[in-house]
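These notes concern the structure reproduced below.
The values are calculated or read from the model by the stated rules, or taken from the named source; none is laboratory data. Remember, predicted model here, so these are calculated numbers, not experimental data. Reconstructed Cβ throughout: ideal geometry from the backbone, glycine too, with neighbour counts over all protein chains shown. The area values use the complete protein model at the heavy-atom level, side chains included, leaving out ligands, DNA and RNA. Shrake-Rupley method; radii C 1.70, N 1.55, O 1.52, S 1.80 Å.
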Amino acid sequence: MSRIAVIGTGYVGLTTGACFAHLGHDVVCADIDVDKIARLNDGEIPIVEAGVDKLVAEGLRSGRLRFVVGAATAAADCEFAYLCVPTPQSDDGSADLSFIETAAGEIAGVLPTEAIVVNKSTVPVGSTKVVERVMGRADVKVVSNPEFLREGSAVHDFLHPDRIVIGADDQAAAIKVASLYLGVPAPLIVTDPASAETIKYAANAFLATKISFVNAVAAVCEAVGADVNHVVLGIGYDKRIGQDFLKPGPGWGGSCFPKDTRALVKIASDHGYDFDLLKGVITVNDQQLQRVVAKIVRAAGGSVDGKVIAVWGLTFKARTDDLRESPSLAAVEALAAMGAKVQAYDPTVTAPRDGMTVCNDAYSACEGAAVLAVMTEWDEFRWVDIDKVVSLMAGANVVDGRNLLDRSAWQRLGMSVEGIGR
Ligand SMILES: NC(=O)c1ccc[n+]([C@@H]2O[C@H](COP(=O)([O-])OP(=O)(O)OC[C@H]3O[C@@H](n4cnc5c(N)ncnc54)[C@H](O)[C@@H]3O)[C@@H](O)[C@H]2O)c1
């Protein structure tokens, strides 16, 4: 059992803290958000993330998981301090390290001798050195341990990762960090900090590339009359390609891919390499959103001005409440700017939002709608009462931005359904 401080209790930090406590460690999670910490201490989970509630309740009950305000309070008695703070995009596309530097500065003076600082945030190459400089402590080692969890299955991904990556100049520190994961069956890659930091960016860039690739193939499918779903099956059974991350849609979003792809382009350019391939991936993603918005406008008869557009799904993907860089929100914004009256429904969104009416269920979003647009792949949209939707809508057009619906069932009721790449 080790004493771990987790700095930042967002999607990554809360999952990390709850899972480490589940593995038997003594964990103190810190945040600057006083309200969030109060809610967590009451056992209330501020995010939608499957399984986190059970692990937090288990940790609070056992006393192995505590929540405090302020990084220094958490770090004063730890052996390991995990940095899980944001690394947002700066104006020039690079990762903004100010949260990392601030958090590191807050704990530098209070960390016990020989503590290890572990960077779990996604940070550019060289950030381990940045944290070391901020620490200014020869006895404190800084290790990179990037996180690969997916929102929506974060607990599962943390406890059953495809691999654990540890980057350290100091072998002993690397082994100590690796030992925290005893009981987690996964290949362990121990490398230098620069390689660990690059692995994280390269992984996200590759996944974004797969999605942009399939969206580009979907555009070709539309042009030549092929069905992208069949094409994906045909290529995905090839073990060298695989089925994962080959689902066409309105483009990738979320808190990671947009900033991490741009950060990698910037890192490459700062070091003299023009990462044209990745720039193309980003361009295809921007175009994909425009293509989906254009489909909605076409389905509305060439203009959405003054028309009701029903939007199902606002989060950037299903099984999370994360709205950051959501393609759906970008589409809503574009439609509202063209005069559309957007009626949106998302199972995780209840508060009012600008540019749309937030509805209580999928049906009320469809009342009087000229077009229904499916923007997030929430399972409940597959199982709606189609008759009821048809009777509520003013128009007969659906744009299925996720290829989620049973197209023939909708067509049997007289609806025209346009998907992606088919
Ligand atoms: N969200 C993901 O799916 C995911 C997956 C892998 C890696 N990452 C990376 O992990 C990092 C964190 O991402 P996230 O999605 O968990 O972010 P988040 O915004 O959900 O959470 C960050 C938390 O850190 C807190 N914080 C900021 N400064 C602090 C400080 N000085 N002391 C204590 N708390 C502080 C914030 O209040 C917030 O609660 C980012 O670098 C991200 O790129 C995210």
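Our coupling estimate for the stretch 173-180, obtained by passing each phi through the Karplus curve with A = 6.51, B = -1.76, C = 1.60 and θ = phi - 60°, is 5, 4, 5, 4, 5, 4, 5, 5 Hz, Gly and Pro reported as x. At full extension, Ser98 and Ala351 could sit 88.1 nm farther apart than now, given 0.36 nm per residue minus the alpha carbon distance.
When a/c reaches 1.5 or more, the comparison of a/b and b/c decides; with that in mind, is the stretch 285-422 rounded, prolate or oblate per its Cα gyration tensor? It is rounded, given that a/c, with a ≥ b ≥ c, falls under 1.5. Going by the alpha-carbon gyration tensor, a ≥ b ≥ c the square roots of its eigenvalues, is the stretch 28-74 rounded (a/c under 1.5) or, if a/c is not under 1.5, prolate (a/b greater than b/c) versus oblate? In terms of gyration-tensor shape, oblate.
For Asp53, the accessible surface of its heavy atoms amounts to roughly 80 Å² (probe 1.4 Å, protein chains only, rounded to the nearest 10).
Over the stretch 249-289, with every protein chain in place, what whole percent of the accessible area is carbon and sulfur at 1.4 Å, could you tell me? Reported share for carbon and sulfur atoms: 58 percent.
So what is the calculated 222 nm ellipticity per residue for the chain, using -39500 (n - 2.57) for each DSSP H run with n of 4 or more, over all residues, to the nearest 500 deg cm²/dmol?
Numbers: 16 runs with 179 residues, N = 422.
Value at 222 nm, helices only: -13000 deg cm²/dmol.
With all projection directions averaged, the alpha carbon convex hull of the stretch 16-113 covers 7.2 nm². Dipole check for the stretch 255-391: with +1 at the C-beta of Lys and Arg, -1 at the C-beta of Asp and Glu, and the Cα centre as origin, the magnitude is about 280 Debye. Spin-label model, Ile45 to Ser416: label points 7 Å out along the Cα-to-beta-carbon direction sit 4.3 nm apart. The residue list Ala76, Val371, Thr15 was ranked by how far each Cα lies along the charge dipole of the chain toward its positive end, using unit charges on Cβ atoms, and Val371 comes out on top.
Using a probe radius of 1.4 Å on heavy atoms only, what accessible surface per residue do you get for the chain? Whole Å² is fine. List each step's numbers first, then the result.
Numbers: 17960 Å² over 422 residues.
Value for the chain: 43 Å² per residue.
Between the amide H of Val143 and those of Val117, Val118, Asn119, distances stay under 5 Å, these residues lying 5 or more places away or on another chain, with hydrogens modeled in the peptide plane. Enter the angle in degrees (range 0 to 90, nearest 10) between the Cα long axis of helix 276-299 and the first principal axis of the Cα atoms of the chain, meaning the one along which they spread out most. Approximately 40 degrees, to the nearest ten. Of the peptides 20-29, 221-230, 171-180, 6-15, the order by per-residue mean of other Cβ atoms within 10 Å, starting with the highest, comes out as 6-15, 20-29, 171-180, 221-230. Under the shape rule built on the C-alpha gyration tensor, where the axes satisfy a ≥ b ≥ c, the stretch 88-162 is oblate, since a/c reaches at least 1.5 while a/b does not exceed b/c. Put simply, the amide H of Cys29, placed in the peptide plane, has neighbours under 5 Å in Val6, Arg66, Phe67, Val68, leaving out anything fewer than 5 places away on its chain. The GluC sites (Glu not before Pro) found in the stretch 1-108 that occupy coil by DSSP, while having at most 16 further C-beta atoms within 10 Å, are Glu44.
Across all C-alpha atoms in the stretch 170-301, the radius of gyration and Dmax reach 18.8, 66 Å. Return the carbon/sulfur percentage of the accessible area of the stretch 293-379, one whole number, probe 1.4 Å, all protein chains in place. Here it works out to 49 percent.
Rounded to whole numbers, the Karplus 3J(HN,Hα) couplings from phi for the stretch 41-53 are 5, 8, x, 8, 9, x, 10, 8, 7, 3, x, 5, 4 Hz, using 6.51 cos²θ - 1.76 cosθ + 1.60 with θ = phi - 60°, and x at Gly and Pro.
Label-to-label distance for Asp169 and Val390 is 6.9 nm, based on points extended 7 Å past Cα in the beta-carbon direction.
Quick one: length gained pulling Ala226 to Arg240 fully straight, 0.36 nm per residue minus the C-alpha distance? If you can, show how the numbers build up before the last one.
On the way: separation 14, 0.36 × 14 = 5.04 nm, distance 2.25 nm.
Length difference between fully extended and current span is 2.8 nm.
Considering only the Cα atoms of the chain, their convex hull presents on average a projected area of 21.1 nm².
Legend: residue pairs Lys129/Lys279; Lys36/Lys141; Lys54/Lys259; Lys36/Lys317; Lys54/Lys317; Lys36/Lys200, Cα-Cα distance threshold 25 Å; pairs beyond threshold, Lys129/Lys279; Lys36/Lys141; Lys54/Lys259; Lys36/Lys200.
Counting only DSSP beta bridges with both residues in the chain, the antiparallel share comes to about 5 percent.
Gyration tensor over the Cα atoms of the stretch 116-160: the corresponding equivalent ellipsoid has semi-axes (square roots of 5 times the eigenvalues, largest first) of 26, 11, 6 Å.
Phi-derived couplings, Karplus 6.51 cos²θ - 1.76 cosθ + 1.60 at θ = phi - 60°, listed residue by residue for the stretch 121-131: 4, 7, 9, x, 4, x, 5, 4, 5, 4, 5 Hz, with x used for Gly and Pro.
The separation of the stretch 256-326 from the stretch 149-184, counted between C-alpha centres, amounts to 30 Å.
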